[in-house]
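**Student:** For reference, the structure I am asking about is given below.
Any read-out appearing in this document is the output of simple, stated calculations on the displayed coordinates, not a laboratory observation. Everything quoted here is computed from the prediction, not taken from an experiment.
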Amino acid sequence: MEKHEGRDAAAVRLDDPWYDALDDGWGELDGTVTPATPAAPDGTVAPGRGHSAADIYVEVQRGAAFQEVRRRYRRFVVPASIAFFVWYLAYVVAATTAPELMARPVAGAVNVAMAAGLGQFLSTFLLAWAYARHARLRRDHAALELRWDTQEMTRGIDR
C-alpha cells in the first residue's frame, strides 16, 4: 500500500480486509460455515443476527459510493474503448482500401502502414497506462473504502 500524507493519513488502514476473508470462514461454501439467518419478509433482521452476504452486497451495490465508482469507471472505459476501436478500424480499412496511401514512404524504408502498425502497439501501451493511472487516481481509494465497509458489514461491525 502506498504511503499517504496529509489530513487523511491517519485514516489509512494498513491491512487489506480481503486477505483474511477466508481465515474467518467467510465465503466458504464447503458446508463448514453455518449460513446467516434470512431476513424477515418486512426486511428486518432478528436481533443479534447479521444480514446475509447477498443482502450486504445488494445494499452496497445500490449505495451512492458504489454507483460513483461505477460511473467513474464507465466515463473512462466507454470513450477509451470506442476511440481505440475506431483507431483500429481506421487502420484496417485504410490498409484494405487505400494501399497506395499505406505504401507511401515516411522515412527511409518505413512507410505509412508500418508507422500506423507501430502506432497500434504504442497506443495499446498508452491506453493501458492511462487506464491504470485513472484507476489509481479516481477509483482505487473509493473502491478500497467500499471493500472495508463491506467487510465490516459482513463481520457485523457498525450494525
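**Student:** Multiply the residue gap between LEU118 and ARG138 by 0.36 nm, knock off their C-alpha separation, and tell me the result in nm, one decimal place.
**Tutor:** Gain in length upon complete extension: 4.2 nm.
**Student:** When the Karplus curve 6.51 cos²θ - 1.76 cosθ + 1.60 is applied with θ = phi - 60°, which whole-Hz ³J(HN,Hα) does each residue of region 88-99 get, with x for Gly and Pro?
**Tutor:** 5, 5, 4, 5, 5, 5, 5, 5, 8, 9, 10, x
**Student:** State the Kirkwood hydrodynamic radius of region 48-87 in Å, one decimal place, computed from all pairs of distinct Cα atoms.
**Tutor:** Its Kirkwood hydrodynamic radius stands at 12.3 Å.
**Student:** Moving on to the next point. Alpha carbon centre of region 119-154 versus region 56-93: separation in Å?
**Tutor:** Spelled out, the Cα-based centre of one part sits 11 Å from the other.
**Student:** Once the piece of chain linking TRP129 and VAL78 is laid out straight, how much longer is it, given 0.36 nm per residue of separation minus the C-alpha distance between them?
**Tutor:** Answer, rounded to one decimal: 16.8 nm.
**Student:** Return the long-range amide H neighbours of ASN111 (sequence gap of 5 or more, or a different chain), with a cut-off of under 5 Å between placed amide H atoms.
**Tutor:** The answer is VAL106.
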